[in-house]
Amino acid sequence: MSTARPVVGVVAGRHQVPRSWGTLPVQGMTAWVPGPVAAAGGLPLVLPVLPTEALPVTELLAPVDALLLAGGGDLDPATYGERPHPSTADVDRLRDEIEIALAREAIERGVPLLGLCRGMQVLNVALGGRLHQDIAGHALPPPGTHPVRTAAGSLARHLLGEQVDVSSLHHQAVSGLGDGVRATARAGDGVVEALELPGRPVLGVQWHPELQPGEGQKALFDWLVRSARP
């Protein structure tokens, strides 16, 4: 086995940072993500949000061994054929398009993929699924958690056990499942909390494991890096 760290690509979020002279447009990785990726043995690499004519998705994915789709704002409902709900916010259509294309390319190439919160929703939409644009009771500020139950025989069950408490910050959730997608964890109210693509190294979770220190949630990052090794 190679001693080199597998490269884990993470698509940047885009933000406007206030400065004394105005605002500075910034792209960067969510600050919570690099630590767990590095602790699992991976090398986190920020993938920029650029128009595909400037940087094709095939080239963007080329230097990575695994792909992590992190949290962020809501997906544009047009990506799954709906009009915006009044609560839909922080939409970045270019990031949506790049992440959806990256997810499809990663799946086609067999590149291991882990989606976190928004990232799980991107995965579902990339495969033709849909989202509930607003739900109640799941936007719990840290350290708020709620229990989810995993499905028997699933990767989620293998990594996390039958039941796990999760850190939840979302107000949107999966409604219709994408092609070939299996829901492998649910909250007590029936909200889908994990997705898998059986037979492929693909896993999405609706929570934020990077906000939960400890061995339990670390298993997700360990799986991603382990799956990326030759």
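Excluding ligands, DNA and RNA, the accessible surface per residue across the chain is 45 Å² with a 1.4 Å probe.
Nothing charged except the Cβ atoms of Lys and Arg (+1) and of Asp and Glu (-1): what's the magnitude of the dipole of the chain about its Cα centre? Round to the nearest 20 debye. That gives the chain a dipole magnitude of about 340 debye. Between the C-alpha center of the stretch 1-40 and that of the stretch 84-163 there is a gap of 19 Å.
Pairs of Cα atoms nearer than 8 Å and 6+ residues apart set the relative contact order; for the stretch 75-187 it is 27 percent. Of the listed residues 15, 170, the order by accessible area with a 1.4 Å probe, largest first, is 15, 170. Taking the charge dipole of the stretch 144-230 about its Cα centre, with +1 at Lys and Arg Cβ atoms and -1 at Asp and Glu Cβ atoms, the residue from 214, 176, 225 reaching farthest to the positive side is 225.
Of 120, 29, the order by accessible heavy-atom surface (1.4 Å probe, DNA, RNA and ligands excluded), from most exposed downward, is 29, 120. Round to a whole number: what % of the accessible area of the chain belongs to carbon and sulfur, probe 1.4 Å? Answer for the chain is 54 percent, counting heavy atoms of protein chains only. A straight chain from residue 83 to residue 226 at 0.36 nm per residue would run longer than the Cα-Cα distance by 47.5 nm. Given R₀ = 22 Å, FRET efficiency for residue 162-residue 136 by Cβ-Cβ distance, to 0.05? After rounding to 0.05, the efficiency reads 0.25. Solvent-accessible surface (1.4 Å probe) assigned to residue 32 amounts to roughly 130 Å². About the centre of its Cα atoms, the stretch 142-199 shows a dipole size close to 80 debye [charges on the beta carbon of Lys, Arg (+1) and Asp, Glu (-1) only; nearest 20 debye]. Over all other residues within a Cβ to Cβ distance under 10 Å of residue 146, the charged ones net out to -3, with Lys and Arg as +1 and Asp and Glu as -1.
The values are calculated or read from the model by the stated rules, or taken from the named source; none is laboratory data. The structure displayed is predicted, hence computed values, not measured ones. Backbone-built Cβ (ideal geometry, glycine too); neighbour counts: all protein chains shown. Surface accessibility is based on the protein's heavy atoms, side chains included, excluding ligands, DNA and RNA. Shrake-Rupley method; radii C 1.70, N 1.55, O 1.52, S 1.80 Å.
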